[in-house]
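The values are calculated or read from the model by the stated rules, or taken from the named source; none is laboratory data. Please read all numbers here as calculations on a predicted model, not as lab measurements. Cβ: placed from backbone, ideal geometry, glycine included. Neighbour counts: every protein chain shown. Just the protein is used for accessible areas: all its heavy atoms, side chains included, with ligands, DNA and RNA removed. Shrake-Rupley method; radii C 1.70, N 1.55, O 1.52, S 1.80 Å.
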Amino acid sequence: MAIGEAGPGSVRHGSQLKRLEETMRVRLGRECVYVPSCRFGLYVALRHWCPPGGRVLMSPVNDDVIFFVVLAAGLRPVQAPLNPLDASIDIDAVPDGTWRSVSAVLTTNLYGNPDPAPRLRQKCDALGIPLFEDAAHAIGSRVGDRPVGAWGDASAFSLSKHVGAKAGGMLSLADPGLREAVGKTCAGLLAPRRLSSELAYAIRPYAEGAVRGLRLRRAAWAAIRLLGLADREEIRMPLRPDELARAARRAPGLDAHHPWVRVDMHDYRQESGRLRLRRIGHKLDRLDDVLDACRAGTELLLSTPWAKPRDAYGTQPLFRVPLFVADRDAAIAALARQGVVVGYLYDPPLDDYAGAEFTDPSPAPEAARWFARHALPVDPLRARTVVEVLERSGARPVEAPGEPPRGRPAPGRLDQSRG
């Protein structure tokens with residue numbers, strides 16, 4: 001059989017892709033293209049809609065990988081002022097001059113809480129610029145009368161988060177007529193699948209199960225660091241500004257920025273094999289059950305003294321629920337002693353992290369700094385354990401900037417019948 005000729009394996013591979021795309025198409029009501037990761041999908045969208053040299057308004061409380069994706073696309077990140085309660089873009093605080101200068105807007109939907117997409121959609125339409133939704137944390141969230149991901153010109157989802165597949169993503173498109181062109185762009189940027197990577201993906205759940213069963217988390221992390229497989233020691237990866245400046249001169253392009261964009265997911269642009277696609281499909285079939293459990297955990301966590309007002313998050317099935325504590329390091333340490341690992345921290349904000357050489361700083365940075373310093377992202381599926389640990393540790397809540405004091409129940413007095 002000639003290379004590229006369709007055989008039984010390629011037919012099965014194609015049918016698996018179509019099934020995943022159709023599942024998401026039904027959820028969102030728009031065309032979807034499977035991608036190996038959310039970050040890859042965002043890169044494709046930025047390259048397709050934005051000419052190099054453009055400026056992208058985004059949140060400074062965001063994964064640094066997404067910041068490097070914007071740079072890799074040959075674009076200039078512009079950091080927006082934020083709402084301190086949920087780290088969404090504060091539309092009214094963005095200066096008029098900034099609105100006139102940007103060529104696109106990228107939402108974050110941090111932890112599953114929606115950015116104000118209906119207003120952003122109106123603003124982008126008035127300016128004649130595209131809106132992109134990073135929906136990695138928000139596969140089950142809604143805003144206005146639509147799901148998150150159904151407002152932007154393009155929206156990127158992760159199938160590693162709520163779905164739990166640890167691989168895969170989806171790029172949704174407002175214009176179904178662009179499906180073929182975007183699909184070709186994706187295909188041209190993919191790296192061929194590697195047998196070693198597929199085998200590692202196949203055995204990963206069993207290895208992780210063994211680590212959990214034998215309580216070897218600390219030993220496993222020590223081994224990963226010893227082997228040089230850990231990409232970061234701190235919350236933010238090393239910036240390496242001299243290397244980054246050299247990479248910028250080669251933008252747009254993923255190759256020059258690969259050392260930054262690959263962090264925490266080395267196969268982010270690798271073509272997915274049949275086993276990977278099959279596992280993603282099985283996980284996606286159970287998504288609604290996960291979302292129901294996330295809603296219940298979110299409700300419990302929002303009733304605690306460390307949560308901000310309920311209307312900041314509504315009844316979304318959050319991927320992580322940000323609680324706000326005076327001493328986050330102490331809270332993280334208390335949770336770690338009970339086997340609860342806190343991740344998805346984005347501190348410091350991107351403008352403080354990268355500096356004016358690589359991004360336009362926010363004109364009002366304090367809300368982002370406060371959120372980044374005090375937010376404790378809690379997995380709603382571990383809600384009850386987290387509440388018990390924080391109560392025992394005496395973790396103190398902290399007020400947001402400008403937030404009027406409000407009565408809170410003392411830690412330890414939470415209604416334990418909930419959730």
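So, in the range 308-331, of the ones that are small (Gly, Ala, Ser) and modelled with pLDDT of 95 or more, which residue ends up surrounded by the most Cβ atoms within 10 Å (Cβ to Cβ)?
ALA331
Inspect the range 257-274 for any residue being small (Gly, Ala, Ser) and over 18 Å from ALA191 (Cβ atoms) and give the result as yes or no.
The answer is no; no qualifying residue exists.
Among what's in the range 14-37 and is assigned to a helix (DSSP H, G or I) and among the aliphatic types (A, V, I, L, M), pick the residue that is modelled with the lowest pLDDT.
Residue satisfying both the conditions and the ranking: LEU17.
Hey, can you tell me all the residues within the range 355-376 that are of a type in the set (A, V, I, L, M, F, W, C) and either within 29 Å of ALA395 (Cβ to Cβ) or open to solvent by less than 10 Å² (accessible area, probe 1.4 Å) (or both)?
The answer is ALA364, ALA367, ALA368, TRP370, PHE371, ALA372, ALA375, LEU376.
So, in the range 20-53, of the ones that are small (Gly, Ala, Ser) and open to solvent by 10 Å² or more (accessible area, probe 1.4 Å), which residue ends up farthest from the chain's Cα centre (by Cα)?
GLY53
Quick one: count up the residues across the range 11-56 that are more than 15 Å from PHE132 (Cα to Cα) and among the small types (Gly, Ala, Ser).
Going through the range 11-56 one residue at a time, the tally reaches 5.
For VAL342, only one of the following conditions fails: (1) in contact with a helix residue (DSSP H, G or I) (Cβ under 8 Å, 6 or more places away or on another chain); (2) open to solvent by 30 Å² or more (accessible area, probe 1.4 Å). What is its number?
The number of the failed condition is (2).
Conditions: (1) more than 18 Å from ILE89 (Cα to Cα); (2) surrounded by fewer than 23 Cβ atoms within 10 Å (Cβ to Cβ). LEU301 meets all but one. Number of the miss?
(2)
Can you tell me which residue among ARG262, ARG279 is modelled with pLDDT under 95, open to solvent by 10 Å² or more (accessible area, probe 1.4 Å) and closer than 17 Å to SER37 by Cβ?
Result of the check over ARG262, ARG279: ARG279.
Out of everything in the range 367-419 that is of a type in the set (Asp, Glu) and modelled with pLDDT of 80 or more, what residue ends up being nearest to LEU318 (Cα to Cα)?
ASP379
Can you pull out the residues in the range 165-184 that are in a helix (DSSP H, G or I) and either in contact with a strand residue (DSSP E or B) (Cβ under 9 Å, 6 or more places away or on another chain) or open to solvent by 50 Å² or more (accessible area, probe 1.4 Å) (or both)?
PRO176, GLY177, LEU178, ARG179, GLU180, VAL182, GLY183, LYS184
Return yes when GLY112 is touching a residue at least 24 places away in the same chain (Cβ under 8 Å) and in contact with a helix residue (DSSP H, G or I) (Cβ under 9 Å, 6 or more places away or on another chain) and no when it is not.
yes
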